[in-house]
Amino acid sequence: MLQLEKPLAVIDLETTGINLSTDRIVEIAIVKIFTDGKKVVKRKLINPEIPISRVSQEMHGITNEMVKDAPTFRQAANEIKQFLDHCDLAGYNSNRFYIPLLAEEFLRVGLDFDFSTRQLVDVQKIFHMMEQRTLSAAYKFYCNKNLDSAHSAEADASATWEILEAQLLKYPQLGSSVETIITCIGDDCIVDFARRMIMENGVEIFNFGKHKGRSVSEVLRAEPQYYDWMMKGEFPLHTKQKLTEIFRRTVLKKG
């Protein structure tokens, strides 16, 4: 069994699409596991205030009509934040999509939610490291169950928690705490959730474009207009936030 020092919130989102900069949440489900093993589920439909793409509607079955009277993220943000307070976070492909998109939503409404104080467990990363499969296949492989309600946020989040429990039994090397899991599978050395910047030897490095592999601060000193270009571009808000932190630090050092 997973030994928790603080609650673990297993998150699954359904969205209008897959663009971190422009798409929005239409459903959020959170399976919250307390340190005593108690489990509480929260699920909410969210009005994204933009159209849901046809492809996304076909994937998760949530239509524009279904969410037109649902609360917006701005209206639901405080409730979601309070439910996630003092929790580590987990999900399936959560580090590359769910957590970055959730961060964008909180930033968009101006609500401070500090992800840096939380351990982030991506069950997909464990699965791909060990077996290389999809969520439905992972559920079948680890739990010997069919995920009949795949792409329902609550079903997916609940299945993800069951998979994590089964992974702990199958792979003793994962240990029995969030910390030992992270130690085993490795922590992503990223600066922003969209991975436009990464950490190498304690230095922020650009991970895309013409400056890929170069120090962010060195680029900003030599080519400050690159900062302006990124801030005006269609980059996620979290990327712009982290870039601004480095820019301010660089300007202060320069001065």
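A few points about this structure:
- Residue match in region 135-146 (condition: assigned to a loop (DSSP other than H, G, I, E, B), out of contact with any helix residue (DSSP H, G or I) (no Cβ under 8 Å at 6 or more places or on another chain) and exposed (fewer than 14 other Cβ atoms within 10 Å of the Cβ)): yes
- Filter pass, Arg133 being of a type in the set (Lys, Arg), modelled with pLDDT under 90 and either farther than 18 Å from Ile11 by Cα or in the same structural domain as Ile33 (by TED's automatic domain parsing) (or both): yes
- Residue match in region 14-31 (condition: in contact with a Cys (Cβ under 9 Å, 6 or more places away or on another chain), in the same structural domain as Gln124 (by TED's automatic domain parsing) and outside any loop (DSSP other than H, G, I, E, B)): yes
- The condition of being in a strand (DSSP E or B) and modelled with pLDDT of 95 or more holds for only one of Ile62, Ile52, Ile11, that being Ile11.
- All positions within region 64-93 that are surrounded by fewer than 13 Cβ atoms within 10 Å (Cβ to Cβ) and either farther than 18 Å from Glu105 by Cβ or of a type in the set (Val, Ile, Thr) (or both): Glu65, Lys68, Asp69, His86
- Elements of type helices (runs of 4 or more DSSP H) contained in region 173-255, each with 3 or more residues being more than 21 Å from the chain's Cα centre (by Cα): 216-222, 225-232, 237-254
- Thr160 in contact (Cβ under 8 Å) with a residue 24 or more places away in the chain and either crowded, with 20+ Cβ neighbours inside 10 Å or part of a helix (DSSP H, G or I) (or both): yes
- Qualifying residue in region 24-36 (condition: of a type in the set (S, T, N, Q) and either under 30 Å from Gln173 (Cβ atoms) or more than 17 Å from the chain's Cα centre (by Cα) (or both)): yes
- Checking Glu200, Glu179, Glu223, Glu165 one by one, the residue that is modelled with pLDDT of 95 or more and acidic (Asp, Glu) is Glu165 and no other.
- Within region 98-134, tally of residues that are under 19 Å from Val191 (Cβ atoms), in contact (Cβ under 8 Å) with a residue 24 or more places away in the chain and assigned to a loop (DSSP other than H, G, I, E, B): 4
The values are calculated or read from the model by the stated rules, or taken from the named source; none is laboratory data. Note that this is a predicted model, so its numbers are computed, not measured. Quick reminder, even Gly has a Cβ in these numbers, built from the backbone with ideal geometry, and neighbours come from all protein chains shown.
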